[in-house]
Amino acid sequence: MDRKITVFKGDGIGPEITDAVLEILNAAGAGLKYEIYRVGNQEYLDNGALIPDAAFASFERTKVLLKSPITTPVGKGFRSLNVTLREKYDLYANIRPARSNSAVKTPFTDVDIVVFRENTEDLYVGKEERIDEDTVWATKIITRKASERIIRDAFAYAVAHGRRTVTCVHKANILKMSDGMFLDIFHQISAEYPQIAANDRIVDNVCMQLVMNPGQFDVMVMPNLYGDIVSDLTSGLIGGLGLLPSSNLGSEYAMFEAVHGSAPDIAGKGIANPTALLWSACMMLEYLGKDSCAARIRKAVDEVLADAAVTTPDIHGHGNTESYKNAVIAHLV
Ligand code: ATP
């Protein structure tokens with residue numbers, strides 16, 4: 001029987017890339033049934049809520065969400081929808097794999113990095129306080145519970161996927177208590193995994209090292225803000241945001257999304273690259289135990305990425321979303 005999943009079609013390029021990805025999933029015989037909801041700015045303007053109650057209810061039933069980018073309206077009173085979803089469903093582990101693809105030319109050929117970003121705390125708790133007219137404080141929260149579970153997940157992933165090293169990224173030389181605790185917990189947990197090498201790097205150094213010699217990194221684990229920044233950097237190493245997928249996992253719920261935003265600058269032009277959302281869908285298929293279907297799609301994508309005539313302009317292709325999607329489907333069939 002088909003597995004039901006929830007799909008959120010967001011804003012900007014969201015609907016275009018979602019349609020392309022669902023067509024590819026169907027062509028691959030993924031065995032999924034979709035409960036599709038429009039979410040985001042237009043939904044808010046029409047019906048008064050960024051995410052309708054029925055969409056939340058669907059995710060609570062299916063427990064698995066494929067989510068396209070959503071624009072959070074700028075201004076007071078709107079919290080980032082991504083942050084809201086992560087908090088509401090305790091999607092504490094944000095996993096962002098970046099791997100070089102021989103078809104996409106960049107200065108690097110040996111990038112194969114998986115970033116584990118803590119997803120629920122750090123500066124993203126959104127606690128800001130105006131002290132006086134010229135002073136604002138922002139609160140950074142690090143807890144033992146959240147740090148332990150993301151660090152443990154990173155090591156468990158390394159073991160399960162035959163990885164060699166886990167690197168902890170921090171700024172414990174300055175933030176001695178908060179990042180200091182994260183680092184202490186990392187070293188405590190690393191002792192439980194003697195088969196995996198463990199090391200740590202300060203975040204500014206890690207940015208320089210990533211650009212000089214990314215091949216030295218394997219699995220990386222870090223608090224929320226560093227994870228956001230470092231994973232955008234790793235996407236640049238492999239050819240840009242259009243190629244970086246992610247999963248957001250909790251103990252009960254799972255959400256899969258491209259790392260990029262809604263790209264309003266290219267929305268409606270038919271040139272958005274659906275690969276990041278498609279690879280996120282592959283991570284979803286693997287999560288659902290549909291590994292062979294994910295592998296077929298990944299193979300088709302690798303073949304298509306090598307053909308600049310059909311790929312999208314962000315990766316120097318001469319095609320568009322439609323030509324790319326059709327080529328992937330042709331390779332699947
Ligand atoms: P957010 O803050 O919501 O993450 P952002 O400000 O980082 O968004 P994006 O929407 O991710 O910005 O876009 C950054 C740049 O990358 C834009 O120029 C956009 O056109 C490009 N881009 C992002 N995603 C894609 C994609 N799937 N295909 C092609 N170009 C993309």
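The values are calculated or read from the model by the stated rules, or taken from the named source; none is laboratory data. Only a predicted model underlies this, so the values are computations on that prediction, with no experimental measurement involved. Counting neighbours? That spans all protein chains shown, and the Cβs are built from the backbone with ideal geometry, glycine included.
Annotations for the structure displayed:
- Subset of the stretch 42-55 [among the hydrophobic types (A, V, I, L, M, F, W, C) and free of Cβ contacts under 8 Å to residues at least 12 places away in the same chain]: LEU45, ALA49
- Identity of the residue in the stretch 1-51, of a type in the set (A, V, I, L, M) and at pLDDT below 95, that ends up farthest from LEU288 (Cα to Cα): LEU45
- Within the stretch 174-202, being closer than 25 Å to THR109 by Cβ and touching a helix residue (DSSP H, G or I) at 6+ places or on another chain (Cβ under 8 Å) holds for ILE196, ARG201.
- A residue that is more than 20 Å from ASN101 (Cβ to Cβ), free of Cβ contacts under 8 Å to residues at least 24 places away in the same chain and part of a loop (DSSP other than H, G, I, E, B) cannot be found anywhere in the stretch 305-328.
- Selection within the stretch 241-262: residues that are small (Gly, Ala, Ser) and in contact with a Pro (Cβ under 7 Å, 6 or more places away or on another chain). The member of this set that is nearest to the ligand (Cβ to nearest atom) is GLY261.
- Meets criteria (under 18 Å from GLU121 (Cβ atoms), assigned by TED's automatic domain parsing to the domain that holds ASP184, within 11 Å of the ligand (Cβ to nearest atom) and among the acidic types (Asp, Glu)) for ASP228: yes
- Residue within the stretch 280-301 that is in contact with a Gly (Cβ under 8 Å, 6 or more places away or on another chain), within 14 Å of the ligand (Cβ to nearest atom) and of a type outside the set (Asp, Glu) present: no
- Here ILE113 meets the list (1) buried (at least 22 other Cβ atoms within 10 Å of the Cβ); (2) over 25 Å from ILE5 (Cα atoms); (3) within 16 Å of the ligand (Cβ to nearest atom) almost entirely, failing just condition (3).
- Looking across the stretch 315-330 at every residue that is of a type outside the set (S, T, N, Q) and buried (at least 19 other Cβ atoms within 10 Å of the Cβ), the one that is nearest to the ligand (Cβ to nearest atom) is identified as ILE315.
- Cross-chain or 6+ apart pairs with Cβ under 6 Å, the stretch 191-208 first and on the phi < 0 side of the Ramachandran plot and of a type in the set (S, T, N, Q), then part of a strand (DSSP E or B) and surrounded by 19 or more Cβ atoms within 10 Å (Cβ to Cβ): ASN199/THR167
- Single condition GLU128 does not satisfy, out of (1) closer than 19 Å to MET220 by Cα; (2) in contact with a strand residue (DSSP E or B) (Cβ under 7 Å, 6 or more places away or on another chain): (1)
- Among the residues of the stretch 138-159, at least one is surrounded by fewer than 17 Cβ atoms within 10 Å (Cβ to Cβ) and in a strand (DSSP E or B).
- Looking only at the stretch 218-255, residues that are more than 27 Å from ASN205 (Cα to Cα) and surrounded by 24 or more Cβ atoms within 10 Å (Cβ to Cβ) come to 1 in all.
- Considered as a group, the residues in the stretch 17-58 that are closer than 19 Å to MET284 by Cβ and charged (D, E, K, R) include one that is farthest from the ligand (Cβ to nearest atom), and that residue is LYS33.
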